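Student: This is the structure I want to talk about, given as structure tokens.
The values are calculated or read from the model by the stated rules, or taken from the named source; none is laboratory data. Note that the coordinates shown come from a computational prediction; the quantities given were computed from them, not determined experimentally. FYI the Cβ positions are ideal-geometry reconstructions off the backbone, even for glycines, and counts take in every protein chain you see.
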Amino acid sequence: MEDQNHKTDSALSVKSGIDQPPSVDPKAAQHFIRKRKSILPASEYINGILNGNRTLLSRAITLIESQRPDHANIAQEIITGCLPHSGDAIRIGITGVPGVGKSSFIEVLGGYLTRQGKKIAVLAIDPSSERSKGSILGDKTRMEQLSNDPNAFIRPSPAAGTLGGVARKTRETMILCEAAGFNVIFIETVGVGQSETAVHSMVDFFLLLMLAGAGDELQGIKRGIMEMADTIAITKADGNNVRASDLACMDYKNALHLFPPPESGWLPRVIPVSARENRGMDTLLDIFAEYFDHVNSNGFLKKRRMEQSRHWMFTTIQEQLLDGFYHDPIISKRIKEIEKRVMDGRMTSFQGAVRLIAEYRKGDQDQHGS
């Protein structure tokens, strides 16, 4: 029998050879990591944004979206510095049921605007991504032409977060985009739901996209969302779907007459559109112009923005109070115990809430010596 020690002398054995150099210079890699992680002074972000530097704009938005307290502090400095330079853009909210073709529609409409010399930013609100873990970059990859347009900027929503948190960050991002010179802001929602109310509270014009021939159109969407719409666009009005789209327009026009007149005094329009055939885009741009002439002349736009600012102040107060409550160390220790008592029936829901709030207040008083 062959000696076991000689089995390694096989033609299949691999010789060690010489040591291979690393594919990446470790010093260069460390320098890159340090450089990438470095946070600039707020003034540099502000100056960059005001000069239209998209790299610094994107980095500033990342700070807004961050959960880190130190990032939140510098983000607020940046927002404060950009705020006086914002407010001149028109803000358009776009929503619609899944499959309505929002991305194709925004890409074509955005192209119309950039060819007219407008600079547009597309921001998305997608709180559902926290649950579904789906890719929120889908819209950006679908809007390939608009993504490559030098006069367009597309920013998906944060990868996770509550509706209130995502909406607040989107509103703050809008301020930075306006300061960077974008004069048309599209805020898009992923689908029909509670996020529409959040979008309506931060835009000047609310556009609802609907499909024809998808069953009973008037039952396909909540009445409250229709009442918020300044215009309803029936999408995919092309080919064999033209007649169905025209009929859907008539149905929606009749339905809108049943609603009370909006405070703006504007009569909502209903039009058929087609991203594939560019149908209705010129008409929609004319509607935008007519609407903004109307709400500027009667003072409604100024009033609406003032009310929106007040709304977001109180919304932020609620978010901050809730965040402080749930992250309080005393509450973190006690909440599970109180929750179990409530679930076991040893304490009512009201009693549990009152107990936790009382302990939170007591801890806050002890901390501040009062």
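Student: Checking the structure you have, find out if any residue of the stretch 330-337 is β-branched (V, I, T), modelled with pLDDT under 90 and outside the structural domain of L211 (by TED's automatic domain parsing). Give the steps one after another, and end with the answer.
Tutor: The initial filter retains those residues of the stretch 330-337 that are β-branched (V, I, T), namely 330-331, 335.
Retained after the next criterion (residues that are modelled with pLDDT under 90): none.
No, the conditions are met nowhere in the stretch 330-337.
Student: Given the criteria at pLDDT 95 or above, not in a loop (DSSP other than H, G, I, E, B) and not aromatic (F, W, Y), does H311 qualify?
Tutor: no
Student: Test S370 against the stated conditions and say whether it is small (G, A, S), modelled with pLDDT of 95 or more and over 16 Å from L321 (Cβ atoms).
Tutor: Taking the combined requirement at face value, the residue does not satisfy it.
Student: Looking at the stretch 319-345 only, could you name the residues that are free of Cβ contacts under 8 Å to residues at least 24 places away in the same chain and within 30 Å of M202 (Cβ to Cβ)?
Tutor: Q320, L321, L322, D323, G324, Y326, H327
Student: OK, next. Being more than 19 Å from I185 (Cα to Cα) and either among the polar types (S, T, N, Q) or modelled with pLDDT of 95 or more (or both) narrows it down to one of S103, S23, so name that one.
Tutor: S23
Student: If you check G280, G224, which single one turns out to be surrounded by 19 or more Cβ atoms within 10 Å (Cβ to Cβ) and within 20 Å of T95 (Cβ to Cβ)?
Tutor: Answer to the check: G280.
Student: When residues of the stretch 87-127 are filtered for being over 18 Å from the mean Cα position of the chain (by Cα), on the phi < 0 side of the Ramachandran plot and assigned to a loop (DSSP other than H, G, I, E, B), how many remain?
Tutor: 5
Student: While we're looking at this one, here's another question. Scanning for something under 16 Å from the mean Cα position of the chain (by Cα), modelled with pLDDT of 85 or more and assigned by TED's automatic domain parsing to the domain that holds F292, does the stretch 136-145 turn up at least one residue?
Tutor: Within the stretch 136-145, not a single residue is under 16 Å from the mean Cα position of the chain (by Cα), modelled with pLDDT of 85 or more and assigned by TED's automatic domain parsing to the domain that holds F292.
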